[in-house]
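What follows is calculated from the coordinates using simple rules that are stated; it is not laboratory data. Note that the coordinates shown come from a computational prediction; the quantities given were computed from them, not determined experimentally. When we count neighbours, we look across all protein chains shown, and the Cβ atoms used for this are built from the backbone with ideal geometry, even at glycine.
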Amino acid sequence: MPRSTRNPLGRRTLLAAAGATLLALPFAGAALAQTTAVSPQDAVKSAMEGITYGDPKAPVTVVEYASLACSHCADFNNTILPKIKAEFIDTGQVKLVFKDYPLNAPGLRASMLVHCVGGDRGKALKNALFKTQSAWLNQDFLKHIAQTAKLAGVSQQTFDACMANKPLEDTVIQSQQVASQKYGVNSTPTFIINDGAAKIEGANEQALIDAMVKAGAKRKPQG
């Protein structure tokens, strides 16, 4: 379920926080002047392949099915993923692939935008959307996603073209359908280890670590 949109700070304050978050991200600087979207075909390819973190040859592959409009997915991204990244991904033990499992229209449109931006800037935008989720997840979500995109240097024209990319929309939706049919995914986040060797439901840090280690990932030495 999406996180509640009520916040005592008010939406204007939250959007200001979103801007501060974006300014701290890798695409700030020159990207804020103008971000050029990838081609419509490359956006579709990004949605088909997923967003990959880590060494392609890592011994363990974890596919995360998640929605940008899911509060538990945001919790994983904001609090657990940095630890997983430091201990397993950055050390070459795990490759993490983020794949779309949109629960609703906000999740669908946010995913489309991330794929349209693409590459490292798309990753940074995905991170920003998770960190500022309560600022844009409401009945005016499209307006607020467009505002966040603008802060990242995406013009309104580019944003509109992205939202009109029907093949991209279909591919994002198909990602959810494949996850449900192939792996029995019915909630987010869900993690598939090594093509179905294990499935972890929910943002359960210890269960995910245990499954990765069991699959062959070595933990980073302490000290």
With r as the distance between the Cβ atoms of ASP120 and ALA198 and R0 = 35 Å, compute the FRET efficiency 1/(1 + (r/R0)^6) and round to 0.05.
0.75
Counting other beta carbons within 10 Å of each residue's own, what order do VAL185, VAL114, VAL213 fall into, fewest first?
VAL213, VAL185, VAL114
Rounding to the nearest 20 debye, state how big the charge dipole of region 64-178 is about its Cα centre with +1 on each Lys and Arg Cβ and -1 on each Asp and Glu Cβ.
180 debye
One finds, for GLN41 and LEU142 with R0 = 30 angstrom and r their Cβ-Cβ distance, a FRET efficiency to the nearest 0.05 of 0.80
Residue (of VAL62, THR91, PRO106) at the positive-pole extreme of region 40-212, dipole from beta-carbon charges
PRO106
Per its Cα gyration tensor (rounded if a/c is under 1.5, else prolate when a/b beats b/c, else oblate), region 36-142 is best filed as oblate
Each label sits 7 Å from Cα toward the beta-carbon; between GLN157 and SER180 the label points are separated, in nm, by 3.8 nm
Note: ASN78 to ALA207 extended length (0.36 nm per residue) minus current alpha-carbon separation gives 44.7 nm
Mind jotting down the distance between the C-alpha centroids of region 147-165 and region 187-211, whole Å?
33 Å
Going by average Cβ density within 10 Å per residue, which order do the peptides 163-170, 90-97 take, highest to lowest?
90-97, 163-170
Please report the orientation-averaged projected area of region 40-212, defined via the convex hull of its C-alpha atoms, in nm².
9.0 nm²
Can you flag which of LYS83/LYS199; LYS57/LYS123; LYS123/LYS143; LYS45/LYS214; LYS85/LYS182; LYS131/LYS182 are past 24 Å Cα-Cα?
LYS45/LYS214; LYS85/LYS182; LYS131/LYS182
